[in-house]
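Please treat every number below as a calculation from the coordinates, not as lab data. Nothing here was measured: the structure is a model prediction, and the numbers come from that model. Because the Cβ atoms are built from the backbone with ideal geometry, glycine has one as well, and the counts that use them run over all protein chains shown.
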Amino acid sequence: MQRQTSEWAGRILSGVRRAMLGSSSTSCGILLVEGDWKDSVLRALETRLLAEDPQLKVQFLYDRDLGILTLLLEGEKLAKTHFVSLQAKPFLQQIRKRNVRMAVSAFPGYASPTEQELWRMLQMLLAGGDAAEKDIMIYAGRKMEKKAPTILIIDVDETVPQFLNPRLELQGYDVHNACDGLEGIRLCSELLPDVVITELSLPVYDGYQVIRSIRKNNELDSRIMVLSDRRLEHDIRLCFQLGADDFIRKPYSPVELEARLKRLLSS
């Protein structure tokens, strides 16, 4: 087993280096999938992923002896790699007729994964147990790769991100924006934000539907802050009943918002 694993890790490292060779990419995502798979299934999975994102650069490496499928995603960070796993998992589970375990990680181009790190990912994947049966396991990698907290602001009012984005980015947050509830829900699944700041009055899906969607998604553990011009007690009470963590009325103090944001991230 140890020799097999070492040979597998060597092939993965060669694949990562080929993906990064002559490329301007700054990262490489790695997705491990356990199980025995036919070539036709792998071709169908590749077709499905590229149909969702034609710009996706993906390599398939399959070790039949270990029963491990590896997807290398050139130029992708952890959030996108995890998003791809959310697309692949239900497709493979439908074919296999039972749960499929996955492990994901991403590494910057200047620091390719070591054989030891790949071995740890493989151990996570093969460990088994109830948690492994239910979850997509994430290998965080080295401490120096710890990402900045991700903030998603959902508001149709353009002045909100214009004012908040530079303030939050100066404090080290990774800030993203959506102008309606539908786009906000999509970005939640893609970015896995640490905090979602949402207005209640939104096009397509309103803020209440956004909160419901986040709380129903088992892959999300986002804190939710409502930033709204609605002031009725009924609105505030309903937000907390649906699972919001905080509510700030507009007009608001940016200093207070930043303080509450730090509290949410530390709780």
> Hey, rough spin-label estimate for D235 and R186, points 7 angstrom out along Cα→Cβ, what's it come to in nanometres?
Replying inline: 2.6 nm
> Ordered by residue, what ³J(HN,Hα) values in Hz, to whole numbers, does segment 61-66 give under the Karplus form 6.51 cos²θ - 1.76 cosθ + 1.60, where θ = phi - 60° and Gly and Pro are x?
Replying inline: 10, 10, 9, 5, 5, 7
> So if R0 is 25 Å, what FRET efficiency would R249 and L170 give, r being the distance between their Cβ atoms, rounded to the nearest 0.05?
Replying inline: 0.55
> Hey, what do the phi angles of segment 77-91 turn into as Karplus ³J(HN,Hα) couplings, whole Hz, using 6.51/-1.76/1.60 and θ = phi - 60°, x for Gly and Pro?
Replying inline: 8, 4, 4, 5, 4, 5, 4, 5, 5, 5, 7, 6, 4, x, 5
> So what is the relative contact order of segment 136-212, in percent, for Cα pairs below 8 Å that sit 6 or more residues apart?
Replying inline: 36 percent
> Which shape class applies to segment 44-118: rounded if a/c is under 1.5, otherwise prolate when a/b exceeds b/c and oblate if not, where a ≥ b ≥ c are the square roots of the Cα gyration tensor eigenvalues?
Replying inline: oblate
> Quick one: which of K216/K262; K38/K80; K38/K77; K80/K250; K77/K262; K80/K262 span more than 30 angstrom between C-alpha atoms?
Replying inline: K80/K250
>> Suppose the chain between V41 and S14 were pulled fully straight at 0.36 nm per residue; how much longer would it get relative to their current alpha carbon spacing?
In response: 7.3 nm
